[in-house]
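Participant: For reference, the structure I am asking about is given below.
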Amino acid sequence: MRGLYADVIIDISHEAIDRTFQYAIPDDIAGRIQIGSQVNIPFGKGNNLRKGYVIGISDSTEYDESRIKSIDSLCEDGVAAPGRLLALAAWIKENYGSTMINAIQTVMPVKKTVKSVVVRYVVLSCEDVDTWEYRYMKKNARAKLRLLRELMVRHELPMTEATGTLNVSHQAVKAMEDEGVVRIVEDSRYRDVVSDAVRQQAFEAPDIELNSDQQRIVDDFVSDADQGIHRTYLLHGVTGSGKTEVYVRCIREVVRAGRQAIVLIPEIALTYQTLTYFSRYFGDRVTMVNSKLSSGEKYDQFERARKGDVDVVIGPRSALFTPFEKLGLIIIDEEHESSYKSDSPPKYHARETAIERARLEGASVILGSATPSVESYKRALAGEYRLWTMDSRVEGRTMAETSIVDLRDELHRGNRSIISDELANDIADRLSKREQIMLFINKRGYNSFVSCRSCGEAVKCPHCDVSMALHSGNNTQKGVLVCHYCGFRMPEPDKCPACGSKLIGGYGVGTEKVEQEVHRLFPEARTLRMDRDTTSKKNSHEQILESFGRGDADILIGTQMIVKGHDFSRVTLVGVLLADLTLFSGDYRAGERTFDLLTQAAGRAGRGDVPGKVVIQTYKPDNYAITAAASQDYRAFYDIEEAYRSLMRYPPEWNMMVIMGTGMDEEQLANIMDRMYSLIRGKYINAGHLSVIGPSEPAISKIKDVYRRVLYIKHRDYRMLVDVKDYVEEWLKENGENDVSVFFDLNPVNMY
Ligand code: ADP
């Protein structure tokens with residue numbers, strides 16, 4: 001009999017071994033090994049056992065059979081990667097640059113099986129109940145009698161209830177089992193991750209009648225589905241136009257046809273709201289996954305999806321890899337959000353990756369946004385995606401009125417508060433009417449940084465090249481400086497560490513400071529604050545939002561997390577305290593990001609019956625991103641932005657790649673980056689308009705004592721950049737240094 005051979009990717013991320021190794025499959029496990037299986041294999045000189053993934057199986061080998069090693073064993077607790085997702089991993093590796101093992105790990109958010117939760121039940125198992133009841137009565141066995149009587153009504157109950165609420169001892173239950181009165185049975189349960197608050201609201205929604213825009217779109221989707229056409233749709237709908245309802249209806253069609261759907265949301269904070277909405281339609285056939293779940297909870301949700309026990313999974317980026325067997329639709333809500341791009345290698349973009357997964361599995365994709373990314377809109381205009389537009393809010397609700405406040409005037413008039421006179425008047429007005437207010441600032445902490453008025457230096461983290469953020473102390477006057485990159489903390493200094501001057505102090509504003517200012521101006525106002533500091537616990541997002549939704553506070557103050565997607569009908573005023581913070585973030589998407597944030601902020605006002613108002617405070621009232629957002633004119637913004645990007649050779653017209661090298665030895669790093677530069681210039685000198693810039697120091701040139709250097713490569717054609725990446729990867733296998741890591745970022749969304 002001929003043997004079988006497996007192509008195995010070793011579970012070590014290193015360029016030098018980023019290829020398959022062939023192993024013989026021992027007969028005793030041959031029947032259980034499949035593509036995607038995790039196996040233990042002897043590797044290297046010492047033949048130490050390593051884990052690996054089988055990505056191919058064949059019945060012959062090109063190598064000398066006698067020298068091929070054998071697989072040691074199957075990883076008993078390893079989850080097998082579905083073959084389709086392995087194909088997606090290969091695509092990710094190819095298009096974004098990473099080792100194959102990193103790509104495999106990316107498409108497998110859950111790699112290990114986790115024991116299921118076992119629940120024990122007490123079940124009534126005798127016929128002659130009355131006899132036993134009589135016996136227990138006579139013996140005065142009160143506990144047994146309590147349990148028996150409860151079981152006469154309910155037939156079975158959880159063991160915890162018997163020993164808890166009913167207060168029957170374990171021995172007594174066991175004795176009843178010995179007497180043949182009851183049986184103790186074990187049942188495994190999925191860990192439920194949807195809170196009771198959400199489940200209780202399930203199925204409560206009155207059936208909404210679609211308006212004509214929504215109906216036209218759903219009809220279009222159904223008509224494509226009926227013809228077996230799968231494509232990518234871009235749903236451009238203003239805030240409050242009812243996009244979620246469109247998603248729900250399209251998913252319902254998909255589920256009716258026996259297929260499943262993934263709904264991506266840009267951040268965990270939106271889970272509660274989205275889940276609540278979807279639960280009303282899909283009940284317990286919808287669940288969610290995210291990084292805050294325990295490994296057991298996550299494992300169970302993926303298992304439910306794999307077995308088809310749920311139809312819809314909601315979650316941030318990594319939910320894209322939910323192992324549904326019959327995926328029919330992927331929805332990406334707020335598709336323009338930068339959180340859809342992975343921030344660690346492989347730096348894949350969930351939008352592109354979703355479109356590829358859909359292509360591999362014959363599914364459709366709906367991208368939804370009130371402010372589509374320039375990339376997606378351009379493709380939609382070119383006909384690559386089908387464009388669906390919804391220009392008006394549901395039920396004839398008006399868009400919010402917007403007002404731009406020029407902060408320079410405010411200063412001239414002598415108002416030094418971070419709240420302008422106009423905004424203060426509006427807040428007072430809404431408070432008196434018992435309407436709710438949201439105040440938004442794109443920063444967390446108290447003051448953003450501490451700097452010296454004498455020498456102009458900001459206090460920087462000793463390990464990272466960034467200013468440290470000032471957080472105010474609880475009861476003490478002095479605050480703490482925190483590095484948001486490495487977590488390093490130090491007390492706020494009295495003197496400038498650079499020059500010794502005492503003229504040192506905090507600058508900029510953050511959510512905490514806004515809250516203090518609000519309390520100063522409106523002592524009677526009840527406030528809630530939502531930022532990274534107040535939401536680090538598991539359910540803190542939900543709690544703050546629920547509480548605000550209930551009306552426990554008048555004013556919600558927060559960072560961009562409060563801006564995205566939330567739907568509070570009593571909010572009639574939104575204040576953007578400093579629109580410019582995103583404008584000067586120093587990257588080519590600053591305009592787009594500002595426009596998005598302002599539009600989303602405007603979308604939070606007036607979702608109920610009372611019209612809303614947005615006050616945008618800025619030092620740059622004439623900037624096109626701000627004026628277009630104020631007039632809520634996406635097309636005006638897009639036309640300018642697209643022209644600017646083309647002129648400056650930025651995406652989407654052009655493509656760019658960042659090659660980042662990092663290492664502790666600055667000189668060694670500089671040397672390798674210089675050689676890489678020459679290498680690329682040498683090979684691609686004639687590849688029309690390939691520009692190579694660098695090596696240069698990125699905005700943050702050191703993190704945790706590790707130096708960073710970058711090369712920027714631009715070309716019209718994405719494939720050309722992939723070609724450069726492959727070439728550099730190949731070169732690194734021979735010429736790389738152990739102490740220098742290199743990664744690639746194609747079309748980065750954050751600049752370096
Ligand atoms: P968007 O995501 O476009 O900002 P949502 O989907 O959040 O808007 O919808 C806003 C609100 O309007 C939701 O409360 C939703 O239930 C409601 N809604 C959606 N469609 C309709 C409709 N056809 N008629 C009445 N209300 C609707």
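The values are calculated or read from the model by the stated rules, or taken from the named source; none is laboratory data. Keep in mind it's a predicted model, so treat the numbers as computed, not measured. Cβ atoms come from the backbone with ideal geometry, glycine included; neighbour counts cover every protein chain shown. Areas reflect the complete protein model, heavy atoms only, side chains present, ligands, DNA and RNA absent. Shrake-Rupley method; radii C 1.70, N 1.55, O 1.52, S 1.80 Å.
Participant: Apply 1/(1 + (r/R0)^6) to the Cβ-Cβ distance of Y63 and W731, taking R0 = 25 Å, and write down the FRET efficiency to the nearest 0.05. All intermediate terms of the calculation are to be shown ahead of the outcome.
Facilitator: Numbers: r = 27 Å, r/R0 = 1.08.
Efficiency for this residue pair is about 0.40.
Participant: Per residue, how much accessible area does region 283-353 have with a 1.4 Å probe, in Å²? Intermediate values should be presented prior to the final figure.
Facilitator: Details: 1950 Å² over 71 residues.
Accessible area per residue, region 283-353: 27 Å².
Participant: Based on Cβ point charges of +1 for Lys and Arg and -1 for Asp and Glu, what charge dipole magnitude is obtained for region 1-95 about its Cα centre, in debye rounded to the nearest 20? Spell out each step's value before the answer.
Facilitator: Working: 10 positive and 14 negative charges, 25 e Å.
Dipole of region 1-95, to the nearest 20 debye: 120 debye.
Participant: Keeping every protein chain present and rolling a 1.4 Å probe, give me the accessible area per residue for region 364-448 in Å². Spell out each step's value before the answer.
Facilitator: Numbers: 3760 Å² over 85 residues.
Ligands and nucleic acids excluded, the result is 44 Å² per residue.
Participant: Could you state how much accessible area H230 has, in square angstrom rounded to the nearest 10, with a 1.4 Å probe and all protein chains kept in place?
Facilitator: We get 90 Å² for H230.
Participant: Nearest 0.05, what FRET efficiency do R199 and T398 give at R0 = 35 Å with Cβ-Cβ as r? Could you put the intermediate results ahead of the total?
Facilitator: Working: r = 35 Å, r/R0 = 0.99.
With R0 = 35 Å, the Cβ-Cβ based efficiency is 0.50.
Participant: If you take the charge dipole of region 260-414 about its Cα centre, with +1 on Lys and Arg Cβ and -1 on Asp and Glu Cβ, which of I355, L270, G383 is farthest toward its positive end?
Facilitator: I355
Participant: Among T572, T61, what's the order by accessible area (1.4 angstrom probe), most exposed first?
Facilitator: On the way: T572 5, T61 35 Å².
Solvent-accessible surface, decreasing: T61, T572.
Participant: Ok, one more. Leaving out ligands, DNA and RNA but keeping every protein chain, what accessible area does T398 have, in Å² rounded to the nearest 10, with a 1.4 Å probe?
Facilitator: 80 Å²
Participant: How big is the chain in terms of Cα radius of gyration and Dmax, in angstroms?
Facilitator: 29.9, 101
Participant: Using a 1.4 Å probe and counting only protein heavy atoms, arrange R146, R249, R719 so the residue with the most accessible area comes first. Intermediate values should be presented prior to the final figure.
Facilitator: Working: R146 100, R249 35, R719 120 Å².
Sorted descending by solvent-accessible area, the residues read R719, R146, R249.
Participant: Cβ neighbours within 10 Å, averaged per peptide: list 216-228, 301-313 in order, most packed at the top. Kindly include the intermediate steps, with their values, before the conclusion.
Facilitator: On the way: 216-228: 14.8, 301-313: 20.0.
Taking the mean over residues of other Cβ atoms within 10 Å, the ranking is 301-313, 216-228.
Participant: Shifting gears a bit: With every protein chain left in place, what is the accessible area of Y712 in Å² (1.4 Å probe, nearest 10)?
Facilitator: 30 Å²
Participant: When a/c is below 1.5 the answer is rounded, else prolate if a/b is larger than b/c, else oblate, so apply that to region 620-727 with a ≥ b ≥ c taken from the square roots of the Cα gyration tensor eigenvalues.
Facilitator: Details: a/c = 3.55, a/b = 1.61, b/c = 2.21.
Oblate.
Participant: Heavy atoms only, probe 1.4 Å: what % of the accessible area of the chain goes to carbon and sulfur, would you let me know?
Facilitator: It is 47 percent, rounded to a whole number.
Participant: Within the set of other residues whose C-beta is less than 12 Å from the C-beta of I17, count the net charge using Lys and Arg as +1 and Asp and Glu as -1. Mind showing how you got there, number by number?
Facilitator: Values: positive: R19, R50, K733; negative: D11, E15, D18.
It works out to a net charge of 0.
Participant: Rg(Cα) of region 75-224 divided by 2.2 N^0.38 Å? List each step's numbers first, then the result.
Facilitator: Details: Rg = 26.8 Å, N = 150, 2.2 N^0.38 = 14.8 Å.
Compactness ratio reported: 1.82.
Participant: Please list W388, W132 from largest to smallest accessible area, probe radius 1.4 Å, with all protein chains kept in place. Present the calculation step by step, with values, prior to reporting the outcome.
Facilitator: Working: W388 5, W132 30 Å².
The residues order as W132, W388, largest area first.
Participant: Select from P316, Q301, H336 the residue farthest towards the positive end of the dipole of region 299-340; place +1 on Cβ of Lys and Arg, -1 on Cβ of Asp and Glu, and compute about the Cα centre.
Facilitator: So the residue we want is Q301.
Participant: Roughly speaking, what % of Cα-Cα pairs in region 182-272 are separated by over 17 Å, rounded to a whole number?
Facilitator: Working: 2673 of 4095 pairs.
Cα-Cα pairs of region 182-272 separated by over 17 Å account for 65 percent.
Participant: Would you give the gap between the C-alpha center of region 692-717 and the C-alpha center of region 515-541, rounded to a whole Å?
Facilitator: Each part reduced to its Cα centre gives a spacing of 38 Å.
Participant: Around S125, which amide H atoms from residues at least 5 apart in sequence, or from another chain, sit under 5 Å from its own amide H, with H modelled in the peptide plane?
Facilitator: V182, R183
Participant: Now a separate question. How long are the three semi-axes of the equivalent ellipsoid of region 132-201, in whole Å, if each is the root of 5 times an eigenvalue of the C-alpha gyration tensor, listed from largest down? Write out the running numbers ahead of the final one.
Facilitator: Working: eigenvalues 171, 35, 21 Å².
Taking √(5λ) for each Cα gyration eigenvalue gives 29, 13, 10 Å.
Participant: Could you size up the charge dipole of the chain around its Cα centre, putting +1 on the beta carbon of Lys and Arg and -1 on that of Asp and Glu, and report it in debye to the nearest 20?
Facilitator: Numbers: 98 positive and 108 negative charges, 246 e Å.
Result for the chain is approximately 1180 debye, rounded to the nearest 20.
Participant: Something else: Give K702/K725; K460/K613; K537/K725; K341/K733 a once-over and call out the pairs whose C-alpha atoms are over 32 Å from each other.
Facilitator: Numbers: K702/K725 24 Å; K460/K613 39 Å; K537/K725 40 Å; K341/K733 27 Å.
As for pairs spanning more than 32 Å Cα to Cα, those are K460/K613; K537/K725.
Participant: Could you work out [θ]222 nm for the chain from helices alone, using -39500 (n - 2.57) per DSSP H run of at least four and dividing by all its residues? Round to the nearest 500 deg cm²/dmol. Don't jump to the answer; show the numbers that get you there.
Facilitator: Numbers: 24 runs with 259 residues, N = 752.
Helix contribution divided over all residues of the chain: -10500 deg cm²/dmol.
Participant: Excluding H715 itself, calculate the net charge of residues whose Cβ lies under 10 Å from the Cβ of H715, where each Lys or Arg counts +1 and each Asp or Glu counts -1.
Facilitator: Numbers: positive: R649, K714, R716, R719; negative: D717, D723.
Once positives and negatives cancel, what remains is +2.
Participant: Which value, in debye to the nearest 20, describes the size of the charge dipole of region 118-158 about its Cα centre when Lys and Arg Cβ atoms bear +1, Asp and Glu Cβ atoms bear -1, and nothing else is charged?
Facilitator: Numbers: 9 positive and 6 negative charges, 67 e Å.
Here region 118-158 has a charge dipole of around 320 debye.
Participant: Just the number please: accessible area per residue for region 617-681, 1.4 Å probe, all protein chains included, in Å². Could the numbers behind the result be given before it?
Facilitator: Values: 2850 Å² over 65 residues.
For region 617-681, the per-residue accessible area is 44 Å².
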